[in-house]
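To keep things clear, I will list the structure first and then write my remarks on it.
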Amino acid sequence: MKSKNKKQIEKKEETIVKYGIYAPYWTHEWTLDYEYFIPKVKKLGFDVLEISCAALVEKYMTDAQLLELKKVADDNGYDIMNARES
């Protein structure tokens, strides 16, 4: 059996599974108060809250509103990001 030096040892990658829920689960509408639902979803143990980019345009029009939403997300350990198919 050949011995391997550190450069030859492959690093094993971990797969991290995150569990989420989409925002209209409770309201059946995409335009809703995300500041209310982010802490609720976190308390329920979800890692992700799916929100609508289109709804963001309707409800969160100013930079101040978007920054407040980001603060609520940050305070609850959530990132705000866009997901799309590759």
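Here, each number is a calculation from the coordinates, and none is a lab measurement. What you are looking at is a predicted structure, and each value in this text was computed from that prediction instead of being measured. FYI the Cβ positions are ideal-geometry reconstructions off the backbone, even for glycines, and counts take in every protein chain you see.
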Any aspartates and glutamates whose Cα falls less than 19 Å from that of residue 43, other than same-chain ones fewer than 8 residues away, would be 33, 35, 74, 75, 79
The residues 60, 19, sorted from fewest to most surrounding Cβ atoms within 10 Å, come out as 19, 60
A student applying the Cα gyration tensor rule (rounded when a/c is under 1.5; otherwise prolate if a/b is larger than b/c, oblate if not) would label region 21-86 rounded
Rounded to 0.05, the calculated FRET efficiency for the beta carbons of residue 61 and residue 16 at R₀ = 30 Å is 0.30
